[in-house]
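Shown next, in structure tokens, is the structure this report addresses.
The values are calculated or read from the model by the stated rules, or taken from the named source; none is laboratory data. Keep in mind it's a predicted model, so treat the numbers as computed, not measured. Neighbour counts are summed over all protein chains in view; Cβ atoms, including those assigned to glycine, are modelled from backbone coordinates with ideal geometry.
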Amino acid sequence: MSFINYSSREINCKIVYYGPGLCGKTTNLQYIYNKTNPEAKGKMISLATETERTLFFDFLPLSLGEIRGFKTRFHLYTVPGQVFYDASRKLILKGVDGVVYVGDSQMERMEANIESLDNLRSNLQEQGYDLDKLPYVVQYNKRDLPNAIQMSELEETLNPTKVPSFEAVAPKGIGVFDTLKAVAKLVLTELRKGG
Amino acid sequence: MIQQLVMYEEELQQINRICEILHRDSNAKAVLVIDKNGQAIAQAGDTAQLDVTSLSSLTAGNVAATGGIAQLLAEREFAGQFHEGEKTNVHISIVGARVILVVLFDERSSLGLVRLRVRKASSELTSVLDVMVKKSSSGAGQPSVFSEITDDDIDNLFND
């Protein structure tokens, strides 16, 4: 749920990175954090296990600048990808304004990709959202790996509705900001429509 | 369809005033009002050295997780939480099912006093929130400036 504060002239929006375990959601946020000016970002919080798997969520507050005199702030969240953390994923989707689905390009992760995408759709439905009506983009991560599947096949399986999609290598930053910009634009465009 | 919560000057002033009175009357270090999705709405007291943004997000996550536990136990909601620290204690309560009221306090106050003052502040906050939600949903107050946003405005955000 976007939060518009006329008093302090701020727009706050929530973007959630979703996807199967180890697909690179946290890596996306870490890259954004490392490459953003200190004045435009807050502290990045990772609630992770001792082996650095996301336990509850990662959180990164970002300021993108002003639009018509309003400061735009985006709160980026990741969900824990592992299947058994489903209760946590549902909580994090509450109040979401835009979704990034991060798919893993590796052949052996296709089943996990599909399961996670189905899980996203059904968890959103439970909260009263329709993925087809939300600002939504897809990122295919790990494009540099030798076992990466062809883009056409990924698109066909993971992006049947043909939302904007991006190839990425998150640790190197390839595609990371393109993805973020695309979803942020969609969220602001939705805001213009009056929500 | 994005749901929106809109805060106008008048309601924010009222919420700020409730926070200030609660801060004073409960001898608290700081008082925060946070929406359930983790956005900070208002604050009072000694918040200069606090990372309010992070605190808000984590508190909302905490409240959401506790709400999840309540559901599993067939409880409607746990209305409050209390964390006792060596120097700072935290009292967290849900107000009007919409926002989270956080009171940070130390040995200059007590849990009993904080609870008492929070109860009064909560009922006042609930009334203000009701008005705020009505205004948000009806779009009353002032015309949306966002309908005038152009593609160029959005593109300009990403030019650097």
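Quick notes on this one:
- Candidates A:Tyr140, A:Tyr136, filtered to the one that is of a type in the set (Ser, Thr, Tyr) and within 22 Å of A:Arg73 (Cα to Cα): A:Tyr136
- Restricting the stretch B:58-84 to residues that are more than 14 Å from chain A (Cβ to nearest Cβ) and under 15 Å from B:Val103 (Cα atoms), the residue that is modelled with the lowest pLDDT: B:Ala79
- Residue count for the stretch A:61-71 satisfying the condition of being closer than 18 Å to A:Asp178 by Cα, facing another protein chain (nearest Cβ under 7 Å) and either surrounded by fewer than 19 Cβ atoms within 10 Å (Cβ to Cβ) or not hydrophobic (A, V, I, L, M, F, W, C) (or both): 2.
- Residues located in the stretch A:1-43, provided they are assigned to a strand (DSSP E or B), within 27 Å of A:Gly69 (Cβ to Cβ) and within 13 Å of the chain's Cα centre (by Cα): A:Cys13, A:Lys14, A:Ile15
- For B:Asn16, the criteria (1) of a type in the set (S, T, N, Q); (2) farther than 27 Å from A:Leu62 by Cβ; (3) at pLDDT 95 or above hold in every case but one, which is (2).
- Any hit, the stretch A:74-96, residues being surrounded by fewer than 19 Cβ atoms within 10 Å (Cβ to Cβ) and of a type in the set (S, T, N, Q): yes
- B:Arg98 being surrounded by fewer than 17 Cβ atoms within 10 Å (Cβ to Cβ), within 14 Å of chain A (Cβ to nearest Cβ), within 17 Å of B:Ser123 (Cβ to Cβ) and modelled with pLDDT of 95 or more: no
- Filtered by the rule that a residue be within 7 Å of another protein chain (Cβ to nearest Cβ), assigned to a helix (DSSP H, G or I) and under 15 Å from the mean Cα position of the chain (by Cα), the stretch B:1-53 gives B:Leu12, B:Thr53.
- Single unsatisfied condition, A:Gly103 versus (1) touching a residue at least 24 places away in the same chain (Cβ under 8 Å); (2) closer than 30 Å to B:Leu72 by Cα: (2)
- When the stretch A:150-184 is limited to residues that are in contact (Cβ under 8 Å) with a residue 40 or more places away in the chain and closer than 16 Å to A:Gly98 by Cα, the one that is surrounded by the most Cβ atoms within 10 Å (Cβ to Cβ) turns out to be A:Val183.
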